[in-house]
Amino acid sequence: MHNIGMKVDGGGPMAMEETVETSAATATAEAEAGATEAGATETTQLETAEAGTITYPIAPGYRVNVRSGPSTTSKLIKVLPYDTRVPIRCQRRGQKISGPYGTTDIWDSIAPGQYVSDAYVKTGSDGFITVVCAG
């Protein structure tokens, strides 16, 4: 078994391989206000690494391994710290991994030659959210 992430549990690390009817004008105004509030919340939750780059949170309580390819046998490049957000450049299929956001064979490229399993990234989707990596 290969370690994909670490979860702290009780202080020690544990290896782990996301009415009342109103007039039409009032209802429209309330709907628009609700949409604005929802949009504002969504915008504040998606921080950016660089201008225009959306980042996604790594599962809380996990330190995730960054690999040179989409499998646990690929070279370990680094380990992301807790509470990290990552950009997703592209995605590709690879080794199937189980994590806090399900079981998937999708891996996210966070930089050239650097991959993390999508099972540890909160993208809000079970499928691809961006382009497929070349190669």
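The values are calculated or read from the model by the stated rules, or taken from the named source; none is laboratory data. None of the values given here were measured: they were computed from a predicted structure. Every residue, glycine as well, gets a Cβ built from its backbone with ideal geometry; the counts of neighbours run over all protein chains shown.
Looking only at residues that are part of a strand (DSSP E or B) and among the small types (Gly, Ala, Ser) in segment 101-116, which one is nearest to Cys90 (Cα to Cα)?
Ser109
Could you identify the single residue in Asp118, Asp105, Asp83 that is at positive phi, of a type outside the set (A, V, I, L, M, F, W, C) and either under 9 Å from the mean Cα position of the chain (by Cα) or surrounded by fewer than 16 Cβ atoms within 10 Å (Cβ to Cβ) (or both)?
Within the list Asp118, Asp105, Asp83, the selection yields Asp83.
Restricting attention to segment 66-94, report how many residues are within 22 Å of Ala134 (Cα to Cα), assigned to a strand (DSSP E or B) and of a type outside the set (Lys, Arg).
Number satisfying all stated conditions: 8.
Which of the numbered conditions does Gly135 fail, given that it passes all the others? Conditions: (1) part of a strand (DSSP E or B); (2) over 17 Å from Arg63 (Cα atoms); (3) not acidic (Asp, Glu).
(1)
Give the residue, chosen from Gly94, Gly99, Gly69, Gly124, that is modelled with pLDDT of 95 or more and on the phi > 0 side of the Ramachandran plot.
Checking each option against the conditions leaves just Gly124.
Test Glu21 against the criterion of being at pLDDT below 50 and within 16 Å of the chain's Cα centre (by Cα), and give yes or no.
No.
Of the residues in segment 50-75, how many are aliphatic (A, V, I, L, M) and either in contact with a helix residue (DSSP H, G or I) (Cβ under 8 Å, 6 or more places away or on another chain) or surrounded by fewer than 13 Cβ atoms within 10 Å (Cβ to Cβ) (or both)?
Summing the residues that are aliphatic (A, V, I, L, M) and either in contact with a helix residue (DSSP H, G or I) (Cβ under 8 Å, 6 or more places away or on another chain) or surrounded by fewer than 13 Cβ atoms within 10 Å (Cβ to Cβ) (or both) in segment 50-75 gives 4.
Does segment 121-132 hold any residues that are assigned to a strand (DSSP E or B) and exposed (fewer than 14 other Cβ atoms within 10 Å of the Cβ), and which are they?
Val132 - this is the single residue of segment 121-132 that is assigned to a strand (DSSP E or B) and exposed (fewer than 14 other Cβ atoms within 10 Å of the Cβ).
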